[in-house]
Amino acid sequence: MKKSLLFLSLVAGIIGSCEKEENFSFEEDALNPIVVLDSEIQAKKSLIVSKQSGNTARKRLFAAYSKAVSGDAIIVDEDVLFRGNESPLTITKNGITIRGAARGNSKYSIKRNNKRKTTLFVRANNVTLDNLIFEGSQNCVFVGYNKNNDTYNFLNTVIKNFKVRNSVFKHSNYTGIDIRALVQGVEIYNTEFTDCPFSLQTFDCRVIKDFLVQKCTFNGGDHQISLDNALIGNNGEYENIIIKENKFNLTKRFNIALANVRNVSIMENKNMQGGTNSYSQPIHIEDRSSNITINGNTMKSKDIGILLYGTDKFGHGGNSRPLTAAEKKSRGSGNVYLSGNSITTTGDHAISSTYGKGYMTIEGNNILNANNGKKALLIRNSNAFNVKVGANAMFKGKRFRDIFNSGNASRFYQSDKPISIR
């Protein structure tokens, strides 16, 4: 039987330390990570929801799941509604696919009318969700465990090969897809998120490996992609995280927010519109994040295009505490390589870094524009930061080589320490 596997491989050298620049060199090869999407899963048998016993579509869905074994596909051919506090469907069997049947220009939905409850839990390997609409609920799909369940052990739960394809997530109270586990082999492909405050989130995941978000569309919300591992410390294992060829429409704050994550490629996202809030960015990087490639993206912002930062608080939300200036500095982010991006801001700077660590390299045909009177690049409180800019990078319509040699550089950038030309 054919198997459907996600194989993601970034070339050697992408894994490195923010503290040891000399051992970290992905600048040339990390721009072309290998992404292979293999053939679809071939189901052993298909279980049609409408043909199962039960007086509601939800009960018939549960009946189909109760019969399923590894390799089976549950075919959703009617809209499924979870009412009130009805229990979510919890997938604990490996190798299950839930796929919506063909429905012309639409899709069948799995919906909850109580926005304080989760609809679907995934706690197994090799689970695929395909061609469905998930709507309403607190979390449409929750991968792992949360503290409201009997077992709060997501820090030690391993989930492999979770895939979502050709689907829609909309109008949740909190997340579209919430991941709280040790995950390897996540693929979110050709999927749309609309008005989910956190569309796609990882939350304190100690392991994230082979993680692909490709050809998806994000509309509204607050954080469209949030990889937030603030409480993990320096022992997290992060490899081959690729965010590629997506469309990011307006949100409230961040198209992509990274906190304490490493080895990320953000590539060829052609429409990153940033946020409507006064403090918002297409790409927000903080809290010891490092080894990040940003290549071939188009960004617009009313604030800053890309922000590298320490972080103001330790923890999440109301459970966090303020950090001292020394702690902020220790939590700076860096080892960022940019090439071929277009960044336009009508507010402040195209790129801003505070408490940067390691290095930032701006190469290729970057076009950095900022509002009149604003610097295209601002580097502050970053004495441990080594910034290099390619000679042909464009700052506000001028080549960096010409800016560097003009004696007028302060009109285009500001830095605590000298910036070198490549």
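The values are calculated or read from the model by the stated rules, or taken from the named source; none is laboratory data. The model shown is predicted, which means the values in this text are computed figures rather than measured ones. We place every Cβ from the backbone using ideal geometry, glycine too, and count neighbours over all the protein chains shown. All accessible areas refer to the heavy atoms of the entire protein, side chains included, with ligands and DNA or RNA removed. Shrake-Rupley method; radii C 1.70, N 1.55, O 1.52, S 1.80 Å.
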Practice task
Return the total of residues in region 166-191 being assigned to a strand (DSSP E or B), farther than 16 Å from D210 by Cβ, open to solvent by 10 Å² or more (accessible area, probe 1.4 Å) and not charged (D, E, K, R).
Solution key: 1
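So in region 339-394, with the set limited to residues that are among the charged types (D, E, K, R) and without any contact (Cβ under 8 Å) to a residue 60 or more places away in the chain, which one is surrounded by the fewest Cβ atoms within 10 Å (Cβ to Cβ)? Can you show your working first?
Filtering region 339-394 for residues among the charged types (D, E, K, R) gives 348, 357, 363, 374-375, 380, 388.
Now narrow it down to the ones that are without any contact (Cβ under 8 Å) to a residue 60 or more places away in the chain: 348, 374-375, 380, 388.
Details: D348: 18, K374: 17, K375: 22, R380: 13, K388: 15.
The extreme case among them is R380.
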Exercise for the section: Among residues belonging to region 90-107 that are crowded, with 21+ Cβ neighbours inside 10 Å and not β-branched (V, I, T), point out the one that is nearest to T157 (Cα to Cα). Expected result: R99
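Could you grab me the full set of residues in region 299-325 that are open to solvent by 50 Å² or more (accessible area, probe 1.4 Å) and outside any loop (DSSP other than H, G, I, E, B)? Break it down into steps so the answer makes sense when it comes.
Step one: filter region 299-325 for residues open to solvent by 50 Å² or more (accessible area, probe 1.4 Å), giving 300, 302, 312-314, 317-319, 321-322, 324-325.
If the condition is that a residue be open to solvent by 50 Å² or more (accessible area, probe 1.4 Å) and outside any loop (DSSP other than H, G, I, E, B), then K300, K313, F314, G317, G318, N319, R321, P322, A325 are the ones that fit.
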Handout entry: Boolean, S199 is open to solvent by less than 30 Å² (accessible area, probe 1.4 Å), touching a His at 6+ places or on another chain (Cβ under 8 Å) and small (G, A, S)
Key = yes
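Out of region 68-86, which residues are modelled with pLDDT of 95 or more, under 23 Å from G136 (Cα atoms) and outside any strand (DSSP E or B)? Let's see the steps before the verdict.
Going through region 68-86, the residues modelled with pLDDT of 95 or more turn out to be 68-83, 86.
Now drop any that are not under 23 Å from G136 (Cα atoms), which leaves 74-83, 86.
Within region 68-86, D77, E78, D79, R83, E86 meet the criteria.
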Problem - Test: residue in region 273-287 that is in a loop (DSSP other than H, G, I, E, B), open to solvent by less than 10 Å² (accessible area, probe 1.4 Å) and over 20 Å from K357 (Cβ atoms) - result: yes
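Is it the case, given these coordinates, that N235 is in contact (Cβ under 8 Å) with a residue 24 or more places away in the chain, of a type outside the set (D, E, K, R) and closer than 15 Å to H284 by Cβ?
Details: in contact (Cβ under 8 Å) with a residue 24 or more places away in the chain: yes; of a type outside the set (D, E, K, R): yes; closer than 15 Å to H284 by Cβ: no.
Criteria not met by N235.
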Practice task
Hey, can you tell me all the residues within region 247-258 that are surrounded by fewer than 23 Cβ atoms within 10 Å (Cβ to Cβ) and among the aliphatic types (A, V, I, L, M)?
Solution key: L250
Handout entry: Residue identified as at pLDDT below 85 and of a type outside the set (D, E, K, R) among A370, A350, A325, A376
Key = A325
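For region 370-405, what are the residues that are farther than 24 Å from S289 by Cβ, in contact with a Phe, Trp or Tyr (Cβ under 9 Å, 6 or more places away or on another chain) and among the small types (G, A, S)? Explain how you work it out, then say what you get.
Our first condition is that a residue be farther than 24 Å from S289 by Cβ; within region 370-405, this holds for 371-374, 391-392, 394-405.
Add one more test, that the residue is in contact with a Phe, Trp or Tyr (Cβ under 9 Å, 6 or more places away or on another chain), and what stays is 391-392, 394-396, 398, 400, 403.
Within region 370-405, just A391 meets the criteria.
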Practice task
For region 326-335, state whether one or more residues are within 25 Å of the chain's Cα centre (by Cα) and surrounded by fewer than 18 Cβ atoms within 10 Å (Cβ to Cβ).
Solution key: yes
Problem - Residue ID - nearest to K398 (Cα to Cα), chosen from residues in region 306-325 that are over 21 Å from the mean Cα position of the chain (by Cα) and among the hydrophobic types (A, V, I, L, M, F, W, C) - result: A325
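How many of the residues in region 395-416 are outside any strand (DSSP E or B) and open to solvent by less than 50 Å² (accessible area, probe 1.4 Å)?
Of all residues in region 395-416, those outside any strand (DSSP E or B) come to 396-397, 400-412, 416.
Pick out the ones that are also open to solvent by less than 50 Å² (accessible area, probe 1.4 Å) and you get 400, 403, 409, 412.
The number of residues fulfilling the criteria is 4.
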Problem - In region 209-227, residue farthest from L258 (Cα to Cα) [restricted to those that are in contact with a Ser or Thr (Cβ under 6 Å, 6 or more places away or on another chain) and buried (at least 24 other Cβ atoms within 10 Å of the Cβ)] - result: C216
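Within region 260-270, track down each residue that is under 15 Å from the mean Cα position of the chain (by Cα) and either open to solvent by 10 Å² or more (accessible area, probe 1.4 Å) or under 14 Å from I243 (Cα atoms) (or both).
We begin by selecting, within region 260-270, every residue under 15 Å from the mean Cα position of the chain (by Cα); these are 260-269.
Hits for region 260-270 are V261, R262, N263, V264, S265, I266, M267, E268, N269.
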Exercise for the section: Select from region 70-117 the residues that are of a type in the set (S, T, Y) and in contact with a Lys or Arg (Cβ under 8 Å, 6 or more places away or on another chain) and list them in ascending order. Expected result: S70, T90, T92
Handout entry: Test set (1) under 30 Å from I232 (Cβ atoms); (2) out of contact with any strand residue (DSSP E or B) (no Cβ under 9 Å at 6 or more places or on another chain) - D402 fails condition number
Key = (1)
Handout entry: Yes/no for K244 being modelled with pLDDT of 95 or more, in contact with a Gly (Cβ under 6 Å, 6 or more places away or on another chain) and either within 30 Å of G185 (Cβ to Cβ) or open to solvent by 20 Å² or more (accessible area, probe 1.4 Å) (or both)
Key = no
